[in-house]
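Here is the structure we will look at, set down as C-alpha cells.
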Amino acid sequence: MGYIQDVLAVVEKRNAGEPEFLQAVREVLESLEPVIKRQKKYQEARILERLVEPERQLMFRVPWMDDQGQVQVNRGFRFEFNSAIGPYKGGLRFHPSVNQSILKFLGFEQVFKNSLTTLPMGGGKGGSDFDPKGKSDHEVMRFCQSFMTELQRHIGADTDVPAGDIGVGGREIGFMFGQYKRLKNEFVGVLTGKSLNWGGSLIRPEATGYGTVYFAEEMLKTRGETFEGKICTVSGSGNVAQYTVEKLNQLGAKVVSLSDSAGTIYDKDGINADKLAWVLNLKNVKRGRIKEYVGKFKGAKYLDGQRPWDIACQCAFPSATQNEVSGDDAKALLKNGCYVVAEGANMPSTPAAVDLFVAKKILYGPGKAANAGGVATSGLEMCQNSMRLSWTRAEVDGRLNGIMVAIHKAASEAAKEYGQPGNYVMGANIAGFVKVADAMLDQGLV
Amino acid sequence: MTTNVLGTGPLGRVADYFQHACRWLQADKKAPASVVCPATGWLAPAALAGLLAADADGPDEEQLVAWLAPLGTQPLRLQPTPGGGEEGDLPEPLPPAAYFPNQGTPRERAQGFAACVRALVQRPEAPGALIVTALTGVRQDDLFFPMVSGAACASNPYVWSEYIDPQAGVVRLALGLDLPLRDSSGDSFVRVAGLGAPQRRPEADFDDMAQHAQRFCFALNLKTGACESAEATEMLEKTPALPLDWLTSSGPSVLAPLHGGVRALTFDRLLTRTGFVGDLQRLLQLLSAGFNAPAEIVFTCQVDPAGAYRIHLHHAQPMADCPLLGDLREQVTVGGILNPARQAAGRPPPAVARATTVGADILFEAAGAVLGRNRRQTLDHLVYVVPEKYAQLPPSSRYEVARLLGRLNRNLPAGRWALFGPGRWCTSSPELGLPTRFTELNHAAALVELVEMHAGLVPDVSRGIHIFNELVATGMLYLAIFPGHPHNSLARERLTGAANRLTDWVPEAARWADVVRVLGARELGGATIELHADSRRQRAIAYVAGNQRSG
C-alpha cells in the first residue's frame, strides 16, 4: 500500500463508526496524491497523520431548563482541528443530528477552506444536538448561555473564533456573545456573524455572490476576457444568486435567468438593476415565488420545474443547491457554448459534471474556491474587531475582491505547478493543503 | 336562537350543533366573556330549494327583506351545511363558506342575497341548509375583511414536538376571509399553533418564520361581491385599523438586512400576550363536553390596539374527522372498514368476513409519530427508498436519488402514493436522510420516515418539523416507523421482492432500480393499498386490499 492508503487504514481503524469523517478524509487525502508523491517532506514529517487528528476535541454537558421547569441535558462539542495558520475558525451547529462524526468531518474540511482564503484562520467546528426549532426564545437563550458557560473556557479572539452555522443565526450568536462578555468581562471579537451595530461586518449577505463573480472574473482574465457583453445564467434566487446578478450587472454582463425550487425564469432582455431590485423585494420581503417575475416583466418566460442549464450562455453560475448540475446538464451547457462555470452554491455539480468540465478544459471554478467569499468575510469581521474599526462597504468589498484574486492565484499556481494548468479543482485542493502543511513544518512537532 | 328561520324543513344536525353551541354559550357562566354569537339567520331546505328554482314556493322578496333585517347591514357569511347524512353520523367536513356584501337598500340586499344563494347552491355539493351570520371586520376602500379568521379543534392532529399536548387543541389563524388559496404555489401559509404551547414554532429563526407566514389574504369587495386576493403586506400597510403589534412580528432578517427588518403575520402577541388562547381552550372544553366529542369551531376575531379582543363564533360542531374508535389493527383484522360514526352512535361494527387474514397483507404499521388529520385513504403505489442500498451511496449520489424522486413526483398520479425512505425527508444533510425539496414530493399522499440510516447513525425522528408548514398546507400525512418498536413494522421482504415499476414511470432511471422501488398495488398482490391513520392515538396502518392471492 502507498503512504496515503496506509494513513487511511489507520484513520479507519481509529475512527470506526464515524462514516462522514472517514469519507471526508478519504476524499481529501486521495486528491492530494500528486503533492504527497512529489514532496517527500510531508511524508517524513507525518503531516497527514497529524492533520487527520484534531489538536483538541471537547465534549461537554449542556444542562438547561425548559419553560415547563424541566431540566434538559444536551451535549456540546468543539473540535479545534488545526491552528497552524491562525486561530481555530469554524461554525457552531445546533441541530439534533450533530454528533462527533459529523463535526469532525466538517472541522476537517474547514481547515482547508479557511486556508484557501489566504487569511490567517485555522480550522474548527462545534455545536450541539440541541434543536432550536420548536423552542421558545427564552429556552434558546437559556441553552445558549449554558453552552457558552463551558465553551468560554476554550475560545478567545486569538484562540478560537466560532461563527454561526445551521441553527445558529443572529439570535443565537447574540445570546452566546452576551454570556461570553458577562463571564469574561471583555468585549472582543470572539464570535463572528454578529449584528452590525455591535461588531458585525458589512457585505456579509453580498459576500458569497460577489466573491463568486470576482473569482470568475479572474478566470476570464487568464484568457484576456472580461464580463462585458457576456450572457450569463444564474440558478437560485436567494442571497448568493441575487448578489451574483448584481455584481455581474455592474461588470457589464447580461444575466438571463434565476430560479427557485419550482422552476426557472428566462429573460432574454436581461435582469437589469431595476428588475433585480424587484426580485430582491419579492424574495426577501414578500417571500414570493420567482415565477411571479414573468407576470411583472413582459417577454420573460417561466420554465416550470426546470433548471436554467438548457439556456444558451457563455457563463453559468450554479447558486442554488447541491447537485443541481447533472452530467446531462453539463453536456447541455457545453453544447450551448458555455465555457465559464463558477459555483456559488456548495457542490452544485455532480461528479459526472465536474469530470466533464475538467476534461473539456473550460474555466471551471469549484465551490470550495469560488464561493469562499462568505468565509473570507468572517475573516474580515475578525480583522475589524481586532482593529476596533468598522470598514465601509467599499473597503470590505475591496478587500473581498483582493482575497478572491488571491484565492484564484493560489489555486491557479498550484494547478500549474503540479502539471494541470487551469484545473482549479486540483489547484484548490493542493493550495489549501500546502499552506497548512508548510506552516506545520515550520512550527516543528507540536 | 332559532327564531330567524326562513323556510320549512329540518335544518339538519350540523345546524343543530351550532344552535346548541350558542345556547350553551349564553347559559354557561363559565363561558368566556370574550366569545359572542353574531346575529344569525337560518335558511331551511325548502327556502333554499325555492330560491334556487325562483318559483312561487320559494321566499318572496318581502320575506327575504324581513328575514335579513335582524342581521343588520354588516357583510354576511353564508355557511352551507352538508346535505344528507344519517342520524347519529358524525358531521362531514364543512363545505367552504361564501360571503355576501349586504350593502344597499333592503330590496337591493334581498335581491343580491338571493343571487348569492343561487350561486352557492349551484356548487356541485348542494347544501342541506344555510347558516348565515353577520361578519365583523375592517374596511379598506371597497374591501372588507375580518382582522382574524380562525378555526380551532379540541384535538390537535399536528403534534410535532413532545411539548405539544394533542388534547390541548389547535388553532389556525389567518388575516382576511378564511378561503383556500386557488394557487397553492407554496409561498403563503396560515399560522397553526398548538393551544397548549402557542409560543412554540417549528421554524428555527425569523427568516424561516417569515418565509412560512401568510402572504396573500382574501377580502370581500363590497361593490362587486367578489372575494379578491391581495398581498397581506399591502393590506397591513393600507389599513390603519389593523393592530399590527398584535397580529405581526418583525425581526432581524439575514435576507433583507437593508430593508430595516421584515414584518410577518404571526399573531404571536395575540397568542401569547392575551387571554385569547385560554378563552379558546375554555370554549372548546365547554363545547366538547356538550357534544360529548372533541369540538371544532369557526370564528373571526376583532382586536383593538390595546390588545382587547372579541371572538365571534360562526360555527361549532363535533370534529369532522373525530378520531377513529377502537384499535386500528383490530378494525383491519376483522376486515371491515368501520364507520366511526356508527360506532360513535353505539352501533356494533359491521364485521365483514374476509377470505384471508389481513395480518399477512399488512404493509406497515407505525406508532409514535403521526402528523395530519385522521384519514382512510386508498393508494395505488408505494415508493420505497431501500435503506441498506441508500446508506451505501456517497453524498452526490444521494442528491441524484432526490432529483429522481422529483421526477417520480411529477409522473405518478397526485395523491395516490406514499413515499418511504430512510432518515429525514427534505433534509439539508444527505448523511441524515433524503435531500429532497418539498416540491419534489408534494404530490405524495403520505410521507414515511424510516427511523434508521446505517449502522453508525440513527437520526432522531424529525416529526416533520422542518416541513411542518408545507405538510399542513398540503394536507399530506407524515409518519415515522421505528423499527423494532411495538406497533411498528414494515413488510420489507414484500417491498423488496415485488416487481419494481420504476422505469415505467421514469424510463431513464434503470441504474437506480436497486435503490428506489416503485410498487403498484397489483405487484403487491392486491387491487388497492388502504391507509388508515389516527393522529390522536399516533397510530397508522396500511394493507393490501382486494387480495389476489386469496382468489
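Could you line up B:L382, B:L120 from fewest to most neighbouring Cβ atoms inside 10 Å? Please report the intermediate quantities before stating the final value.
Working: B:L382 26, B:L120 22.
The most exposed by this proxy come first: B:L120, B:L382.
Pick from A:G305, A:G367, A:G270: which is most flexible by mean-square fluctuation in a GNM of chain A where alpha carbon atoms under 10 Å apart are linked?
Per the Cα network of chain A with a 10 Å cutoff, A:G305 tops the list.
Which one of A:S195, A:P54, A:V71 has its Cα pushed farthest toward the positive end of the charge dipole of chain A, where Lys and Arg give +1 and Asp and Glu give -1 at the Cβ?
So the residue furthest toward the plus end is A:S195.
For the stretch B:9-18, in order, what is each residue's ³J(HN,Hα) by Karplus, 6.51 cos²θ - 1.76 cosθ + 1.60 with θ = phi - 60°, in whole Hz (x at glycine and Pro)?
x, x, 6, x, 5, 5, 5, 4, 4, 5
Cβ neighbours within 10 Å, averaged per peptide: list A:188-197, B:148-157 in order, most packed at the top. Could you put the intermediate results ahead of the total?
Working: A:188-197: 19.7, B:148-157: 24.0.
By packing density, highest mean first, the sequence is B:148-157, A:188-197.
Give me Rg over Rh for the stretch A:61-105, both radii from the alpha carbons and Rh done the Kirkwood way, two decimal places.
Numbers: Rg = 14.1 Å, Rh = 12.7 Å.
Radius of gyration relative to Kirkwood radius: 1.11.
Determine the shielding of peptide A:130-138 by partner chains: average, over its residues, the number of Cβ atoms on other chains within 10 angstrom of each Cβ.
Values: counts 0, 6, 4, 14, 14, 6, 6, 1, 1.
Averaged over the peptide's residues, the number is 6.
Of the listed pairs A:K37/A:K104; A:K37/A:K409; B:K30/B:K238, which have alpha-carbon separations greater than 31 Å here? Numbers along the way, then the final one.
On the way: A:K37/A:K104 26 Å; A:K37/A:K409 23 Å; B:K30/B:K238 39 Å.
Violating the 31 Å limit, Cα to Cα: B:K30/B:K238.
Compute the Cα gyration tensor for the protein assembly as shown, then decide on rounded, prolate or oblate, letting a ≥ b ≥ c be the square roots of its eigenvalues: rounded whenever a/c is under 1.5, prolate when a/b is larger than b/c in the other cases, and oblate in all that remain. Present the calculation step by step, with values, prior to reporting the outcome.
Details: a/c = 1.92, a/b = 1.66, b/c = 1.16.
Verdict is prolate for the protein assembly as shown.
Let a ≥ b ≥ c be the square roots of the eigenvalues of the Cα gyration tensor of chain A; is it rounded (a/c under 1.5), or, if not, prolate (a/b larger than b/c) or oblate?
Taking the square roots of the gyration eigenvalues as a ≥ b ≥ c, chain A is oblate.
How many Cβ atoms of partner chains, on average, are near each residue of A:285-297 if near means within 10 Å of its Cβ?
On the way: counts 11, 9, 14, 6, 6, 0, 3, 2, 0, 0, 0, 0, 0.
Mean number of neighbouring Cβ atoms from other chains: 4.
Counting pairs of Cα atoms in the stretch A:12-55, how many percent are more than 15 Å apart?
The proportion of pairs with Cα distances above 15 Å equals 47 percent.
Once the other residues with Cβ under 9 Å from the Cβ of B:Q103 are scored (Lys, Arg +1; Asp, Glu -1), what is the net sum? Mind showing how you got there, number by number?
Working: positive: B:R109, B:K223; negative: B:E108.
Neighbour charge sum, excluding B:Q103 itself: +1.
Go ahead and set up a Gaussian network model of chain A, Cα springs under 10 Å, then flag whichever of A:G91, A:G224, A:G127 fluctuates most.
In this elastic network of chain A, the residue with the biggest mean-square fluctuation among A:G91, A:G224, A:G127 is A:G224.
For A:S115, A:S201, what's the fewest-to-most ordering of other Cβ within 10 Å of each Cβ? Mind showing how you got there, number by number?
On the way: A:S115 26, A:S201 23.
The order, fewest Cβ neighbours first, is A:S201, A:S115.
Hey, rough spin-label estimate for A:E225 and A:L334, points 7 angstrom out along Cα→Cβ, what's it come to in nanometres?
1.6 nm
Residue by residue through the stretch A:10-19, what is 3J(HN,Hα) from phi via Karplus (6.51 cos²θ - 1.76 cosθ + 1.60, θ = phi - 60°)? Round to whole Hz and write x for glycine and proline.
Taking θ as phi minus 60°, the curve returns 5, 4, 5, 5, 7, 10, 4, x, 10, x Hz for the stretch A:10-19.
Using a 10 Å cut-off around each Cβ of peptide A:12-21, what is the average number of partner chain Cβ atoms that fall inside? Spell out each step's value before the answer.
Values: counts 0, 0, 0, 0, 1, 3, 2, 7, 7, 0.
Averaged over the peptide's residues, the number is 2.
What does the charge add up to near A:N249, with Lys and Arg as +1, Asp and Glu as -1, over the other residues with Cβ less than 14 Å from its Cβ? Each step should come with its number before you reach the end.
On the way: positive: A:K230, A:K247, A:K254, A:K275; negative: A:E206, A:E217, A:E228, A:E246, A:D267, A:D269, A:D274.
For residues surrounding A:N249, the net value is -3.
Quick one: of A:K113/A:K133; A:K125/A:K194; A:K275/A:K361; A:K113/A:K194, which pairs are farther than 24 Å apart, Cα to Cα? Could you put the intermediate results ahead of the total?
On the way: A:K113/A:K133 29 Å; A:K125/A:K194 17 Å; A:K275/A:K361 34 Å; A:K113/A:K194 21 Å.
Correct reply: A:K113/A:K133; A:K275/A:K361.
Mind scanning A:K41/A:K221; A:K230/A:K360; A:K221/A:K360; A:K268/A:K291 and naming the pairs with a C-alpha gap bigger than 27 Å?
Values: A:K41/A:K221 34 Å; A:K230/A:K360 20 Å; A:K221/A:K360 19 Å; A:K268/A:K291 15 Å.
Violating the 27 Å Cα-Cα cut-off are A:K41/A:K221.
Determine the relative contact order of the stretch A:29-117: mean sequence separation of Cα pairs under 8 Å and six or more apart, normalised by residue count, in whole percent.
Numbers: 72 pairs, mean separation 19.5, N = 89.
So the answer I get is 22 percent.
222 nm [θ] for chain A, helices only, -39500 (n - 2.57) per DSSP H run of 4+, per residue, to 500? Mind dumping the intermediate values first?
On the way: 18 runs with 212 residues, N = 446.
Roughly -14500 deg cm²/dmol at 222 nm, from the helical runs in chain A.
For every other residue with a beta carbon closer than 12 angstrom to the beta carbon of A:K135, add +1 if it is Lys or Arg and -1 if Asp or Glu, then tell me the sum.
Details: positive: A:K133, A:R142, A:R171, B:R200, B:R201; negative: A:D66, A:D67, A:D131, A:D137, A:E139, A:E172, B:E162, B:E203, B:D205.
Surrounding charge for A:K135 is -4.
List the Cys residues of chain A that have no partner Cys with a C-beta closer than 4.7 Å.
A:C144, A:C313, A:C338, A:C383, each lacking another Cys Cβ under 4.7 Å.
Give the calculated FRET efficiency between A:H138 and A:E44 to the nearest 0.05, with a Förster radius of 56 Å applied to their Cβ-Cβ distance. Before the final figure, lay out each step's value.
On the way: r = 55 Å, r/R0 = 0.99.
With a Förster radius of 56 Å, E is 0.50.
Please work out whether the stretch A:295-441 counts as rounded, prolate or oblate from its C-alpha gyration tensor, where a ≥ b ≥ c are the square roots of the eigenvalues and a/c under 1.5 means rounded, while otherwise a/b larger than b/c means prolate and anything else oblate?
Cα axes put the stretch A:295-441 in the oblate bin.
Which value results for Rg/Rh of the stretch B:1-81 when Rg is the Cα radius of gyration and Rh the Kirkwood radius based on the inverse mean 1/r?
On the way: Rg = 14.3 Å, Rh = 14.0 Å.
In the stretch B:1-81, Rg relative to Rh is 1.02.
Gaussian network model of chain A, Cα springs within a sub-10 Å range: biggest mean-square fluctuation belongs to which of A:N281, A:N429, A:N401?
For chain A, modelled as a Gaussian network with Cα springs under 10 Å, the answer is A:N281.
Quickly work out the A:K298-to-A:E417 label distance, labels modelled 7 Å from Cα along the C-beta direction, and quote it in nm with one decimal.
Result for the modelled spin labels: 5.8 nm.
Pick out, from B:P70, B:V5, B:V35, the residue whose Cα sits farthest towards the positive end of the charge dipole of the stretch B:1-86, with +1 on the Cβ of Lys and Arg and -1 on the Cβ of Asp and Glu.
Going by the Cα projections, it comes out as B:V35.
Modelled label-to-label distance, B:E108 and B:Q63, 7 Å Cα→beta-carbon offset: nm?
My value for the distance between the label points is 2.5 nm.
Report the extension gain between A:K13 and A:D67 in nm, rounded to one decimal, defined as 0.36 nm multiplied by the number of residues separating them, less their alpha carbon distance.
Details: separation 54, 0.36 × 54 = 19.44 nm, distance 4.35 nm.
Once the chain is fully extended between A:K13 and A:D67, it gains 15.1 nm.
Assigning unit charges at the beta carbon (Lys, Arg +1; Asp, Glu -1) and nothing else, what dipole magnitude in debye, to the nearest 20, does the protein assembly as shown show about its Cα centre?
Values: 104 positive and 104 negative charges, 186 e Å.
About 900 debye.
No lab work stands behind these numbers, since they all come straight from the coordinates. Quick caveat: nothing in here was measured; it's all calculated off a predicted structure. Please note: Cβ atoms are built from the backbone with ideal geometry, for glycine as well, and neighbour counts cover all protein chains shown.
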